[in-house]
Structures are given as structure tokens and as C-alpha cells.
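Student: My questions all concern the structure below.
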Amino acid sequence: ENNPLLRRVYALDGDKEETRRVYAEWAEQYDRDTLDGMGYVAPGLVARDAKVLDAGCGTGLAGVELKKLGFTNIDGNDLSREMLEVAGEKNAYGQLSEADLTVPLEIADDSYDAVISVGVFTSGHVKPKALDELARVTRKGGQIVVTVHEKVWEADGYPDYLEDMEMRGLVNIQAVKEAP
């Protein structure tokens, strides 16, 4: 965590404007910093075969992995316009749109066969409640695959929240795995 931008990302406290500023500054360097500098493997771990929403797609790393696997029906959204611009250059997405995952999404119920979210559920970003929206836009029987940073897994109450979502009938938890 020697990268000053990464330190700023982990220090975010939920201020949306500061989040936008940090990612606007990081957009051009993000791929190099995370893939080369940090050995970021999560985008390659969450790809699924379906009409996919990449929620909080950032610069499009997960979309690129899905495309490599032959998937052609991928949409992405992100809080940062600058990150979306970088994602758009990768030609992995059908539609890209700005979205705040902490409020209801402007997406119809049951719109996607699968939703992925990589690197969004972390310190100062999106809390467990955002999972409700991901479930809402995923069709019954669809798949939701998210990464949750280990620092917030217990601190933000993800285990209890997921159990509650299952009790409310919103999801059927298939697996919870720690990163290798």
C-alpha cells in the first residue's frame, strides 16, 4: 500500500465527491497500478457466462476478462465518469453508465442474468445494503458474484447481512470463499 492513491482509496469515508476525485486522478494509471503493482487477480476470478452487469466496473478490468472468455453482452456502471471513459476504450461493454451503488439503480428488476462487482465493497465505498440492488436487478436463478475486502467483511457486517438477505428470500448463498 505504498501507492499514495491507494492509501487515499482505503481512507475514503463515504464522501462521494472525494471518491470521484480520487478515481478521476487514478483512472489513467489504475490498470498498471493494480494489475502490475498489486497483482490484482479479482477481475479474472469473477467472470460468468450470461448477460452481465459489471457494477462499479471502474476501468473495465473484469469486462476485459469476460470478453476474453467469449462473452459479448456486458454492461458496466461506475460512479466515476473518468473510469468509465477508460473502460470504454477496452471495447468490452455494450453500455456504460454513471451510477451510484449506494442509491437505487435506474435499472429495471430482473434485467441481468448475472451481476459482478469487483473492488467496490471495500473501505469507504459501498456497504452491504447495496447488495439488495444487485439482487433486484438480477433475474431469479441468476448469479451475483462480488468481492468484499477482508478489512470490511466483519467490520461492516457482511456475514449477518448476507444471512438476512437469504432469510428475506432475496438470495440463495452458494459459496463464500477467501481469496487464494
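Only the coordinates and a few stated rules stand behind these numbers; no lab work does. This is a predicted model, so every value here is computed, not measured. Cβ: placed from backbone, ideal geometry, glycine included. Neighbour counts: every protein chain shown.
Student: Give me Rg over Rh for the range 78-137, both radii from the alpha carbons and Rh done the Kirkwood way, two decimal places.
Tutor: My calculation puts Rg/Rh at 0.95.
Student: Subtracting the Cα-Cα distance from 0.36 nm times the residue separation, let me have the gained length for THR102 to GLU166 in nm, one decimal. Intermediate values should be presented prior to the final figure.
Tutor: Values: separation 64, 0.36 × 64 = 23.04 nm, distance 2.01 nm.
Residue separation times 0.36 nm, minus the Cα-Cα distance, leaves 21.0 nm.
Student: Another one. When N is the residue count of the range 4-168, what does its C-alpha Rg come to as a fraction of 2.2 N^0.38 Å? Mind showing how you got there, number by number?
Tutor: Working: Rg = 14.8 Å, N = 165, 2.2 N^0.38 = 15.3 Å.
It is 0.97.
Student: Assigning unit charges at the beta carbon (Lys, Arg +1; Asp, Glu -1) and nothing else, what dipole magnitude in debye, to the nearest 20, does the range 4-168 show about its Cα centre? Walk me through the numbers before you get to the answer.
Tutor: Working: 19 positive and 32 negative charges, 64 e Å.
Here the range 4-168 has a charge dipole of around 300 debye.
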